[in-house]
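The values are calculated or read from the model by the stated rules, or taken from the named source; none is laboratory data. As the structure is a computational prediction, the values presented were derived from the model and not from experiment. Positions of Cβ are backbone-derived with ideal geometry, glycine not excepted, and every protein chain shown enters the neighbour counts. Just so you know, the surface numbers come from the protein's heavy atoms only, side chains and all, with ligands and any DNA or RNA stripped out. Shrake-Rupley method; radii C 1.70, N 1.55, O 1.52, S 1.80 Å.
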Amino acid sequence: MTDGHLDGNALAGPLSTVFTAEVTTAVAACAGCGRSGPLAAARVYGAPMGYVARCPGCDQVLLRYAEAPAGTTLDMRGIATLRLTTAD
Amino acid sequence: MAGTALRRRLGHRRLTARLVETRDETATARTLRFAVPGWPGHLAGQHADVRLTAEDGYTAQRSYSLSAPADGEFVELTVQLVPDGEVSPYLVRDIEVGDEVELLGPLGGWFVWRPEQPGPVLLIGGGSGIAPLRAMLRARSAASPPFRLLYSVRTPSDVYFAGELDSPDVTLLYTREAPDGVERTPHRIDAADLTAYGLPAAEEPTCYVCGPTSFVETVTGLLIDAGHDPARVRAERFGG
Ligand SMILES: Cc1cc2nc3c(=O)[nH]c(=O)nc-3n(C[C@H](O)[C@H](O)[C@H](O)COP(=O)(O)OP(=O)(O)OC[C@H]3O[C@@H](n4cnc5c(N)ncnc54)[C@H](O)[C@@H]3O)c2cc1C
Ligand SMILES: [Zn+2]
């Protein structure tokens, strides 16, 4: 059995309310261990009011997204760089 | 319509979807066909976020794969009932033709198959994880590279899209109970199944693995152990 975590694909909808580009294909470099990979491949926990994405390499928090009546909060301090590809 | 184009560019793609048809897949799953005015089309493998709003304003939102390839302003979702779930029982049991939901989509660009993409394709789905893989299978043409689908199901009565899967490229992997005439004794997918029915790592297929989280964890591990490059293994976890 697992803890039922999701992956970064599940962030596509929530992040589309913040970014104009498709961000789940963007390559995120982890600020903790330096590992790079598409945001779609991150481990994602929690739904549906908020999400935490963790690095598949070192488990550090890459991103937190929370929706509340007062507004949306996006914390991306665990991502050193986010490189958007031109394919989309 | 300039307004629609602008909203799309701004990322606000919430559209009204009206249910036009339903098809039972199993006793606990059905495919819902919606008409969605303004739907821009989609790639096989993408999903949509469905939002339901109760009369008192309470909303619930869940992700569902688009289970058919692009078809103008129509989309299909295929939903498995999760007992005691908030949203899936409504979609599988209660919603009626003519009812409306809100759709945000199409979403995602990673778990997609593009017709121009080179190389063979290995699809491995468990349970409702067949939904986006069915869209990929149907999106291919005679000119497409080789496809293989391994579909893990508990019993013959758990097979979705049963009428469409009778092809040499498709192997049903029964975990509990198999129909008469199937040689493989029922068991959960293992390394021997990948060797027997998958595509070898040397052919460098792009692998798409989808289903409940525990299934995806198992299969991605098996693929990597079998020598598939992790960069070519794409996964979509449904939770559970
Ligand atoms: C990108 C993406 C695509 C998806 N595509 C599909 C699809 O095509 N078809 C489909 O049927 N589902 C799909 N899902 C799962 C879907 O979004 C819901 O999680 C599922 O329908 C359960 O929602 P619920 O409101 O009924 O249950 P909830 O009220 O959310 O949960 C009730 C209980 O069931 C458990 N649970 C949650 N999700 C699952 C699950 N998937 N399986 C088993 N138990 C679960 C929860 O832990 C909880 O204990 C997808 C998920 C993602 C992230
Ligand atoms: Zn890391």
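Under the condition of being surrounded by fewer than 24 Cβ atoms within 10 Å (Cβ to Cβ), at the interface with chain B (Cβ under 7 Å from one of its Cβ atoms) and among the aliphatic types (A, V, I, L, M), the residues counted in the range A:1-53 number 2. Inside the range B:93-127, residues that are of a type outside the set (Val, Ile, Thr), within 16 Å of ligand 1 (Cβ to nearest atom) and touching a strand residue (DSSP E or B) at 6+ places or on another chain (Cβ under 8 Å) make up a count of 14. Filtering the range A:54-78 to residues that are open to solvent by less than 30 Å² (accessible area, probe 1.4 Å) and near ligand 2 (Cβ under 10 Å from one of its atoms) leaves A:Cys55, A:Leu62, A:Gly78.
In the range B:187-240, the qualifying residues are those that are open to solvent by 60 Å² or more (accessible area, probe 1.4 Å) and at the interface with chain A (Cβ under 10 Å from one of its Cβ atoms), and the one that is nearest to ligand 2 (Cβ to nearest atom) is B:Pro230. For B:Pro186, the conditions (1) at pLDDT 95 or above; (2) outside any loop (DSSP other than H, G, I, E, B) are fulfilled apart from (2).
Filtering the range A:1-18 to residues that are under 19 Å from B:Gln61 (Cα atoms), among the hydrophobic types (A, V, I, L, M, F, W, C) and more than 11 Å from ligand 1 (Cβ to nearest atom) leaves A:Leu15, A:Val18.
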